[in-house]
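Down below is the structure, laid out as structure tokens.
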Amino acid sequence: MSILKDKHILLGITAGIAAYKSATLVRLFIKAGANVKVVMTPASKDFITPLTLSTLSKNPVCSSFIDEEDDSGLWNNHVDLGLWADYFIIAPATANTMSKMANGGCDNILLATYLSAKCPVYFAPAMDLDMYKHETTKSSFAKLTSYGNKMIPAGTGELASGLVGEGRMAEPQDIIKFVEKDILNQLPLNGKQILITAGPTYEALDPVRFIGNHSSGKMGFEIANAAANLGANVVLVTGPTHQKSTHSLVDVKPVVSAQQMYDEVHKHFESSSIAILSAAVADYRPKTIANQKIKKKDSTFSIELEKTKDILKSLGEIKVHQFLVGFALETNNELEHAKGKLISKNLDLIVLNSLQDKGAGFGVSTNKVTFITSSNDIIKHQLKTKAEVAEDLIKQILKQLHA
Ligand code: CTP
């Protein structure tokens with residue numbers, strides 16, 4: 001999944017021949033999961049039709065202050081459009097539009113939207129090589145970047161004039177890559193590896209039976225998603241679950257038993273900066289696993305169990321620089337038990353779930369948690385969706401890391 005998923009992308013199109021590539025650009029943003037709206041200068045309609053762009057973006061295209069098809073006198077609100085956008089990408093950006101942007105010109109809806117937008121703005125210049133090299137164009141580049149706009153440099157190649165040189169708009173796939181990389185670079189967890197465990201473990205009794213629990217894995221998958229959305233490279237070690245992650249930054253490592261989870265987690269701990277262990281690991285497993293299916297013979301049947309390794313505790317014993325987070329699922333004396341686990345497992349933070357709280361626990365999409373930090377801060381949260389809890393958790397970790 002691209003970092004652009006669900007983002008609001010406003011594509012600004014100006015009057016250059018490279019506007020024919022805007023159709024591909026819209027397609028690629030949509031394919032990345034973004035919501036796309038298009039704002040055009042009136043002259044750019046000579047190069048590509050609004051119909052093409054509205055069909056591909058699945059949104060009306062804006063090219064003037066008032067709707068020409070409509071006599072209602074209603075105007076197209078450039079302020080709303082500017083505020084709607086998470087990112088504004090002007091591609092192609094002509095010398096004329098860049099000069100106006102650099103100097104506060106505002107004689108069309110694209111420029112008015114640019115002046116209203118509060119989001120990051122990218123511009124991909126496109127023009128002939130001599131125009132590209134002209135001092136006034138260079139001055140527009142310098143002014144625009146000094147205002148915080150980001151330039152997606154033009155490439156070198158054959159130009160519409162027939163000349164060969166610099167000025168060719170970056171290819172649509174390179175524009176997407178540029179924007180994705182730039183967004184990732186700004187994210188607080190960019191470049192950090194985060195290790196997460198999720199789901200239940202299954203402890204085999206014989207080839208067809210196991211001891212397991214009702215954990216759905218949802219909480220761990222939501223945490224993985226929230227961390228990846230902030231740029232982390234996530235290693236998600238999960239027990240058997242129906243959950244799926246499509247995020248490009250989440251590497252799912254499926255395991256079955258507590259021992260397999262222990263082994264997989266230890267492979268990745270050293271290279272991780274943060275480890276969040278939300279899995280419901282079996283505390284005991286059958287001491288022996290029958291090779292054949294166990295037959296029913298006697299009226300009662302006992303299974304001898306032995307302890308599994310406590311994965312979280314084992315990490316607390318070896319951690320050096322890592323920030324370690326555990327979960328505690330409690331039914332009574334919740335705070336006391338959770339604090340005990342925080343200390344005995346050498347954690348930086350523990351997330352307490354109480355089964356006494358309605359809407360918390362296994363199988364539901366909500367959770368009610370309390371965070372307890374190693375400096376004994378207790379932060380109680382309301383009942384929230386697991387996605388919201390995951391975001392709160394990542395925010396809390398960042399807060400402690402930057403304290
Ligand atoms: N945990 C683990 N390995 C285990 C058992 C638990 O990594 N073998 C982790 C869980 O992922 C969770 C935390 O330890 O983050 C606490 O789990 P919990 O079941 O609440 O506590 P336990 O330590 O198992 O203690 P008890 O079951 O006695 O409450």
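Values in this text are rule-based calculations from the coordinates and carry no lab data. Because the structure is predicted, anything quoted here is derived from the model rather than measured. Cβ atoms come from the backbone with ideal geometry, glycine included; neighbour counts cover every protein chain shown.
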> Straight-line reach from K58: which lysines have Cα under 24 Å away, leaving out those fewer than 8 places along the same chain?
Replying inline: K5, K7, K21, K31, K37, K45, K118, K177
> Under a straight-distance cross-link criterion of Cα-Cα below 20 Å, which lysines are reachable from K313, leaving out those fewer than 8 residues away in the same chain?
Replying inline: K267, K339, K341, K345
> What is the set of long-range amide H partners of A232 at a cut-off below 5 Å, with H atoms built 1.01 Å from backbone N?
Replying inline: L189
> By a straight-distance test (C-alpha under 20 Å), which aspartates and glutamates pair with K192 as possible cross-link partners, with residues fewer than eight away in the same chain excluded?
Replying inline: E180, D182, E222, D251, E264, E270, D348, E391, D392
> Once phi is turned into θ = phi - 60°, what whole-Hz ³J(HN,Hα) does the Karplus curve with 6.51, -1.76 and 1.60 give for every residue of the range 3-15, x standing for Gly and Pro?
Replying inline: 5, 7, 4, 6, 7, 8, 9, 9, 9, x, 10, 10, 7
> What FRET efficiency would be calculated for the residue pair I211, R27, taking the C-beta separation as r and a Förster radius of 51 Å, to the nearest 0.05?
Replying inline: 0.55
> Between S54 and K296, what length in nm is gained on full extension when 0.36 nm per residue of separation is reduced by their alpha carbon distance?
Replying inline: 80.4 nm
> Short version: ³J(HN,Hα) in whole Hz for each residue of the range 221-227, in order, from phi by Karplus 6.51 cos²θ - 1.76 cosθ + 1.60 (θ = phi - 60°), x for Gly and Pro, what are they?
Replying inline: 5, 5, 5, 4, 5, 5, 5
> What is the set of long-range amide H partners of V252 at a cut-off below 5 Å, with H atoms built 1.01 Å from backbone N?
Replying inline: L236
> Top mean-square fluctuation among K309, K295, K339, Gaussian network model of the chain, C-alpha springs under 10 Å?
Replying inline: K295
> Cα gyration tensor of the range 8-185, axes a ≥ b ≥ c as square roots of the eigenvalues: rounded (a/c below 1.5), prolate (a/b > b/c) or oblate?
Replying inline: rounded
> Considering the chain as a Gaussian network with a 10 Å cut-off on Cα pairs, which listed residue, G162, G33, G12, attains the greatest mean-square fluctuation?
Replying inline: G162
> Which value, in debye to the nearest 20, describes the size of the charge dipole of the chain about its Cα centre when Lys and Arg Cβ atoms bear +1, Asp and Glu Cβ atoms bear -1, and nothing else is charged?
Replying inline: 1240
>> Calculate the FRET efficiency for Q186 and S161 from the Cβ-Cβ distance with a Förster distance of 51 Å, rounded to the nearest 0.05.
In response: 0.90
> HN-Hα J couplings of the range 207-215 from phi, Karplus 6.51/-1.76/1.60, θ = phi - 60°, integer Hz, Gly and Pro as x?
Replying inline: x, 10, 10, 8, 9, x, 8, 8, 4
> Alpha carbon centre of the range 286-348 versus the range 386-403: separation in Å?
Replying inline: 25
